[in-house]
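Where a number appears in this text, it was derived from the coordinates with a stated rule and is not lab data. Everything quoted here is computed from the prediction, not taken from an experiment. Cβ coordinates were reconstructed from backbone atoms using ideal geometry, including for glycine residues, and neighbour counts include every protein chain displayed.
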Amino acid sequence: MAKVIKRDTQPLLLHADEAAALLNLGRSTVYRLMASGELPTVRVGRAVRIPRGGLLRWIAKQTGEPADLPAGDGNAAGDGPAALREAV
């Protein structure tokens, strides 16, 4: 019998538009936060993306909640403060 592997369907890297929608912020605000280095970014060629785990850590830092992310890149499935994990 074939083994079923459950995959996380959420992307590891977010476009600025996706992050803006999740944060309920304007796209230009997210681009400003990215440009200032306040929001973490990853470059893939010319594309600039926001790592999901980095976004969760940023939210936790802004709200003063402890980030229960493992050491490392923080992009594994299930990363982030429990209340935030489902939305992102």
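Quick look at the numbers
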| item | result |
| --- | --- |
| Highest to lowest packing among 45-57, 24-36, scored as the average C-beta count within 10 Å | 45-57, 24-36 |
| Using θ = phi - 60° and Karplus 6.51 cos²θ - 1.76 cosθ + 1.60, couplings along the stretch 32-43 (whole Hz; Gly, Pro as x) | 5, 5, 5, 5, 7, x, 5, 8, x, 9, 10, 9 |
| Inter-probe distance in nm under a simple model that places probes 7 Å from Cα toward Cβ, at ARG27 and ARG43 | 2.3 |
